[in-house]
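Let me begin by presenting the structure, written as structure tokens, before commenting on it.
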Amino acid sequence: MTWRERERLLYLGSTFSLLPALTIVPAFASLVFQPSIPHATLWAFVLFPLLIVAEFFGVYKLVQSCVARPFTLLTMLSFGAFFVLLVIAVYTGVFLAALADRM
């Protein structure tokens, strides 16, 4: 795999894995817990499967970028994106638990 291909995988993977992970808590809070817009249930049924598909696509691309040899700067950046994704997943779980406790 060339450097250009791994770079493209890193860019696609980090974008498609981190952005849905960051938007899941506000979307869940505004569409499910306190629906403040008209047709919030419909928006939730459309938005959440799209976020899940984008998340899986992004993680798949990051994995492809991580496991390619040799270990280079792009591999380190991919592992860094995974670490950020792990932190986002942890705080998402904490916030969703706090929101569920409030209800």
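The values are calculated or read from the model by the stated rules, or taken from the named source; none is laboratory data. Worth saying up front: this structure is predicted, and the values here are computed from it rather than measured. Methodologically, a virtual Cβ is constructed for each residue, glycine included, from the backbone with ideal geometry; neighbour enumeration extends over all protein chains shown.
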(message) Residue under question is Phe82, and the condition is that it be in a helix (DSSP H, G or I), over 23 Å from Leu99 (Cβ atoms), touching a helix residue (DSSP H, G or I) at 6+ places or on another chain (Cβ under 8 Å) and free of Cβ contacts under 8 Å to residues at least 60 places away in the same chain; does it hold?
(response) yes
(message) Going residue by residue through region 10-26, is there one that turns out to be of a type in the set (Gly, Ala, Ser) and either without any contact (Cβ under 8 Å) to a residue 60 or more places away in the chain or outside any helix (DSSP H, G or I) (or both)?
(response) no
(request) Name the single residue, out of those in region 53-88 being over 14 Å from Leu12 (Cα atoms) and small (Gly, Ala, Ser), that is surrounded by the most Cβ atoms within 10 Å (Cβ to Cβ). (result) Ala68
(message) Of the residues Leu51, Leu12, Leu31, only one is touching a helix residue (DSSP H, G or I) at 6+ places or on another chain (Cβ under 6 Å) and closer than 22 Å to Thr72 by Cα; which?
(response) Leu12
(message) Every residue in region 30-59 that is assigned to a helix (DSSP H, G or I) and touching a Ser or Thr at 6+ places or on another chain (Cβ under 7 Å), please.
(response) Ser30, Leu51, Glu55, Gly58, Val59
(request) Could you tell me whether region 89-96 includes any residue that is surrounded by 12 or more Cβ atoms within 10 Å (Cβ to Cβ) and in contact with a Cys (Cβ under 9 Å, 6 or more places away or on another chain)? (result) no
(message) Exactly one condition in (1) surrounded by 15 or more Cβ atoms within 10 Å (Cβ to Cβ); (2) closer than 27 Å to Ala97 by Cβ; (3) of a type in the set (A, V, I, L, M, F, W, C) is false for Phe45; which is it?
(response) (1)
(request) Could you pull out the residue among Leu12, Leu50 that is surrounded by fewer than 18 Cβ atoms within 10 Å (Cβ to Cβ), modelled with pLDDT of 90 or more and closer than 27 Å to Ala100 by Cα? (result) Leu50
